[in-house]
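The block underneath contains the structure these notes are about, expressed in C-alpha cells.
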Amino acid sequence: MSTTHPTATQHRRTGGDLVVESLAALGARTVFGLPGQHALGVFDALRRSTLRYVGLRVENNAGFAADAYARTTHGVAPLLVSTGPGALMTLAALQEAAAGSAAVLAIGSQVPLAGIGGGRHGYLHELTDQSASFRGVVKSVHTARTASQIPSAVAAAWESALSAPHGPVWLEIPQDVLLAEAGIPLVGQLDATPRELLPRPELIAAAADRLTKARRPVILAGGGVVRAGAEAELLALAERLRAPVATTFGGKGAFPWEHPLSLQSWLEDRYTTTFLEDADTLLVVGSGLGELSSNYHTFRPLGQVVQIEADLGKLESNHAALGIHADARAALAALVQAVGERGPRDTVADEAAEAAEAAEVAEEAEEDGGTGGAREAGEAGEAGAPTPEAAVSALLARVHDRIAGQQLDLEQRILASVRDALPDGAVSCWDMTILAYWAWSAFDPRRTNALHSAQGAGGLGYGFPAALGVAVADPGQPVLAVSGDGGAMYSIAELATARQYDLPVTWLIVDDGGYGILREYMTDAFGEATATELTRPDFVALAGSFGVPAVRTSPERLRTDLAAALAAPGPSVVVLPARLRMFAPTHPTS
C-alpha cells in the first residue's frame, strides 16, 4: 500500500480543494465518478463544495453517464476516477465520448510524484506512463504537478473539451499534490471560453453559389448538427432550398421526422443511398461520412459535395468535397444568409432543366429494364420532374415497401409500442442491440437531442448508465434505456445507483438468450453461431433484489406495461423475452 495518507486536520485546503473549486468556477454543478485511494484528496474536498456528486459502481459506467449528461446539457461533464485500474476502466466510455463528441472532462489521480516518469517505485496502481493510454482516445491530455498548476490545468482541459468539436479530455494529478496543503487563495473565477470555429467567408460564398444553382440539392445532417444546437438553422436552410434532408444515426432529431422534406434516417437502404448519390449538390453537415453514414462505404456521389465539419481530421476523409472547417451552427447560419441574399431561383429555367433531365432519366430507365431504385423513371412523371416533397414521399414509400416484404411484423410492432409508450418529451438511450439497430433507422425521437446510442464506438453497456446521466441532467422527465440481455449484464450493478439516487429511468431489457446481433451475423456468415448463447439471471427477481420494481411483459402487453413503468416515480425494469431479426441489408456483404 502507498505510504502517503491524508491527515485528519480540519479545514485545511488541499490540491483536491483546488480541483473542485476550479470546476465550480467554470460552471460545473454535477460530477460523476468512483473513488479510489490515490484520488481521496478530491473526494474529501467534494464534501466542502457545492458540487453534486453522482457515484456509479463501475468506472466505465460512470463514463457513459457523464457522456450522456454532456450530450443532454451541451456542456462539460466532469468525471473523477482513481489511478491505474480505475483510470483504465474509463477507456471504452471515453472512446464512445470521442466518437459521439461528448465533452467529458476525466480527472484521474496519479501515483505520488516520485513514481512518475518510469521511476518504478512499486506504488499501488503504478503504470510506466498512465497518460499514454489515453492519448489515442481523447482530444487532449493534461497534467498538473504542483498545486498552483491545478486551476490552469483544469481550465485548459475544460476549454479543450468544449471546443468544437466537443470531446473527452484527460487530466491527471499525483496523489501527493492532491493531498498537499494549497498555499494559494480560493479559486474565484476562471475563463475557459472556447474559441468559436467560424467558417471562412469565401467558402460560404462558394457553397451558397453551388446550392443556389443546384437543381437537386440534398442535405445529409449528422451528429454535429445536434451537438452544435443547429437544428433551427438546418430547417431554415432546407426550407429555403427546398432540399430533402436525411439524418445520420447520430444526427437523429436534427430535422423534424414528419416534415415534407424529411428523408428520415434510412441510411442502411440502397434506395436512400441512391437518392443521396443522385443529388447534383449534396450538403453534408456534421458528419464524416463514415461506415454507417455511407451504407458501409457503398455511397458514391455523382454530383458535387459540400462538407461542413468541425473535426478537421474528418474533412474530406472519405469523399472529395468543398470542405468547410467550421462549427455546424455558425456555418449553417452563414449559409442561410448567403443563400437568401442571392434571391429566388429561376423557376422557369429550373423547370425546363428538370424536365429535360427527367426525360433522360426515363430513357435510361427504359433501357435498363426499369431498375435503378431512386433513378427509376417512375420518379419523373410525364409532366416532368417531381417536386422535392413528392420525391421524398416516393422514396419513403419504396423503403417501407421493401421492409414490409420481409415478414418483420413483430419487430415493427415492438418498436411502435416503445414509441407509443414513451412520452413525446422523453429521452431514450439505446445499447448495442437489435432493437436499437431498428431504432437508428426507424424510430422518431419527436424532438432534438432525444435519442442517444453507442453507435459511435459500438461498445456494449451504454444504454442504462447513459440513461442515468440523462436523468441526472433533467430529473423532471422519465428516461428510457433499452438493452439486450447480453448488454444489460455490463451495467446491472447500476441498478443500485438508480435506486440510491431514485432516478426516473425505466430499463427495457429485450431478452433473447444471448448476443442476438452477433448470433445473426455469425449465422449469416458461417451457417451457425459460436459463443453467442448466454446463461442469464431472472432479471425481474434481480431487479427486485435492488428494490427496483420490475415486470415481465410480452409483445402484446409491452405498450401498456412500458407506459405504466415510465409513469411511475423512480427506477423500474421491464423485461421482454423476444428473439428479433434485422431487416435485410442492401449493401454488398462480401
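The values are calculated or read from the model by the stated rules, or taken from the named source; none is laboratory data. Because the structure is predicted, anything quoted here is derived from the model rather than measured. Please note: Cβ atoms are built from the backbone with ideal geometry, for glycine as well, and neighbour counts cover all protein chains shown. Ligands, DNA and RNA are excluded from the accessible area calculation, which covers all protein heavy atoms including side chains. Shrake-Rupley method; radii C 1.70, N 1.55, O 1.52, S 1.80 Å.
General observations
- Considering segment 161-182, the residues that are under 18 Å from residue 64 (Cα atoms) and not aliphatic (A, V, I, L, M) include one that is most open to solvent (accessible area, probe 1.4 Å), namely 166.
- The residues on offer are 202, 196, and the sole one that is over 14 Å from residue 340 (Cα atoms), more than 27 Å from the chain's Cα centre (by Cα) and open to solvent by 10 Å² or more (accessible area, probe 1.4 Å) is 202.
- Checking each residue in segment 296-315 for being open to solvent by 70 Å² or more (accessible area, probe 1.4 Å) and part of a helix (DSSP H, G or I) picks out 312, 314.
- Residue selected from segment 132-146 under the condition in a loop (DSSP other than H, G, I, E, B) and open to solvent by 50 Å² or more (accessible area, probe 1.4 Å), by the criterion nearest to residue 110 (Cα to Cα): 145
- Residue 239 falls short on exactly one of the conditions (1) surrounded by fewer than 22 Cβ atoms within 10 Å (Cβ to Cβ); (2) at pLDDT below 95, and that condition is (2).
- Search result, residues across segment 521-557 that are in a helix (DSSP H, G or I), within 19 Å of residue 491 (Cα to Cα) and touching a residue at least 24 places away in the same chain (Cβ under 8 Å): 539, 540, 542, 543
- Residue within segment 266-276 that is open to solvent by 20 Å² or more (accessible area, probe 1.4 Å) and within 14 Å of residue 222 (Cβ to Cβ) present: no
- Subset of segment 475-503 [within 17 Å of residue 62 (Cα to Cα), open to solvent by 10 Å² or more (accessible area, probe 1.4 Å) and assigned to a loop (DSSP other than H, G, I, E, B)]: 489, 490, 492, 493, 502
- Scanning segment 316-344 for residues that are of a type outside the set (D, E, K, R), under 26 Å from residue 269 (Cβ atoms) and open to solvent by 10 Å² or more (accessible area, probe 1.4 Å) yields 317, 318, 319, 320, 321.
- Filter result (assigned to a loop (DSSP other than H, G, I, E, B) and open to solvent by 80 Å² or more (accessible area, probe 1.4 Å)) within segment 558-579: 569, 579
- For segment 324-354, filtering for residues that are under 17 Å from residue 242 (Cα atoms) and either modelled with pLDDT of 95 or more or in a helix (DSSP H, G or I) (or both) leaves 16.
The rows are residues; the columns are (1) buried (at least 24 other Cβ atoms within 10 Å of the Cβ); (2) over 26 Å from the mean Cα position of the chain (by Cα); (3) part of a helix (DSSP H, G or I).
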site	(1), (2), (3)
39	yes, yes, yes
54	no, no, no
63	yes, no, yes
78	yes, no, no
95	no, no, yes
109	yes, yes, no
122	no, yes, no
130	no, yes, no
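- Some residue of segment 234-251 being out of contact with any Leu (no Cβ under 9 Å at 6 or more places or on another chain) and of a type in the set (Phe, Trp, Tyr): no
- Test for residue 246: is it at pLDDT 95 or above, surrounded by 23 or more Cβ atoms within 10 Å (Cβ to Cβ) and more than 20 Å from residue 164 (Cβ to Cβ): yes
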